[in-house]
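Read through the structure below, which is laid out as structure tokens, and then see the notes.
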Amino acid sequence: MTEAATPVTDDDHTPLLGPGQAVVAFDVGGTDTKSALFDDAGRMLGLKRTQTPHHAGETANAVLDLVQELTARYAIDFPSVDPVAAGLIAPGLVDDDLGIALQAANLDWKDVPFKQLVQARLGLPASFSHDVRAAGEAEFRLGAAQPYRDVVVIVIGTGLAGSIFIDGRAHIAHGYAGEIGHAIVDPNGFPCSCGARGCLETIASAGAIARRYQSLTGIRPDGARDVLARAQVGDDAATQVWESALDSLAVSIAQLTAFLAPEAVVIGGGLAQAGDALFTPLRHRVDELLSFHRRPVLLPARIGQNAGLIGAALRARDTVGGPGVTGETRQAESAPSTDKGAA
Ligand SMILES: [Zn+2]
């Protein structure tokens, strides 16, 4: 299996994690699994992308085999780095607290106790978390949301999901919190893969933006950013699709603001790279929808495409109580203010 592993080229060895225990981290996706070793300086080493194995009824075991093989490979490639814990993340419905994969649309498993199974395979303490929550955790502890305690991180990609931090702590609710992509914004809208109708994901995810443009025009765009580029040069269908995505996203953020009053809403994923073309009209729309509410700052994610892996490493370190910026320490350290400035 590891023969298929290829180094990912954007390995910049940024010591984002800071000093702490050496850990190994895995980001299991429907198509690829990313992995890396983090040394005690927090450097990311040996970043690899390997095809995720799919075997009917045995996918979880095949993923565990892969995790074991990659860990053995790291021991050979980096003999001086001895990981003391492992962090695994995956999509779908994940109970981070118990370390169980409840289910996943693109991965053939149900109720798999990955935390326990990884521990048994590797003989190391392990964490198992949801991929978007792990990415959100990286933004919360090390990235754009670092100055804040009440935060929602939204990741807009093929799907759309969020992670919620309240008073310095992740709000997980056994895996059911943060599903902003499956909160309904139009009860008469498009059918969603989840079985409901008019979920935010059916309008505002990068996947939906591309799909909707194609269904209106018959032209297959090169992703959501291409739809935005077409809207910017006056393509009517692209403008319609893009603006309705912005409108729906703004409604969802306004709802979140009324319920949770986050100090910051951080937006990551491919679509966030649109920068001002996304954030300027979105800030305007959210502002228009709110009245007395405290406006959250809307910020682009900072950590980039390895945020999930970095979050997995943070949670691996948490399992061994290594020095890290945990929610609890942040709560203890930070005064209840929002003006700590840029980190
Ligand atoms: Zn849905």
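The values are calculated or read from the model by the stated rules, or taken from the named source; none is laboratory data. For clarity, every value in this text was computed on a predicted model and none was experimentally measured. Neighbour counts are summed over all protein chains in view; Cβ atoms, including those assigned to glycine, are modelled from backbone coordinates with ideal geometry.
Figures for the structure shown
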item: Total residues in the stretch 200-248, condition more than 16 Å from the ligand (Cβ to nearest atom) and either touching a His at 6+ places or on another chain (Cβ under 8 Å) or among the acidic types (Asp, Glu) (or both); result: 6
item: Positions within the stretch 182-199 being touching a residue at least 24 places away in the same chain (Cβ under 8 Å) and either more than 8 Å from the ligand (Cβ to nearest atom) or in a strand (DSSP E or B) (or both), in sequence order; result: 183, 185, 186
item: Of all residues making up the stretch 216-253, the number that are within 23 Å of residue 183 (Cβ to Cβ) and free of Cβ contacts under 8 Å to residues at least 12 places away in the same chain; result: 0
item: Condition check for residue 163: assigned by TED's automatic domain parsing to the domain that holds residue 225 and in a strand (DSSP E or B); result: yes
item: Matching option when the condition is buried (at least 21 other Cβ atoms within 10 Å of the Cβ) and in contact with a Cys (Cβ under 7 Å, 6 or more places away or on another chain), among 136, 181; result: 181
item: Residues of the stretch 211-254 satisfying the condition of being over 20 Å from residue 184 (Cα atoms) and buried (at least 20 other Cβ atoms within 10 Å of the Cβ); result: 213, 221, 224, 227, 228, 230, 231, 238
item: Residues that are over 21 Å from residue 157 (Cβ atoms), of a type outside the set (A, V, I, L, M) and out of contact with any Ser or Thr (no Cβ under 7 Å at 6 or more places or on another chain), drawn from the stretch 106-127; result: 110, 111, 113, 114, 116, 119, 121, 123
item: Residue, farthest from the chain's Cα centre (by Cα), within the stretch 140-176, restricted to residues that are surrounded by fewer than 17 Cβ atoms within 10 Å (Cβ to Cβ) and away from the ligand (no atom under 16 Å from the Cβ); result: 167
item: Single unsatisfied condition, residue 179 versus (1) away from the ligand (no atom under 16 Å from the Cβ); (2) assigned by TED's automatic domain parsing to the domain that holds residue 263; (3) within 21 Å of residue 298 (Cα to Cα); result: (1)
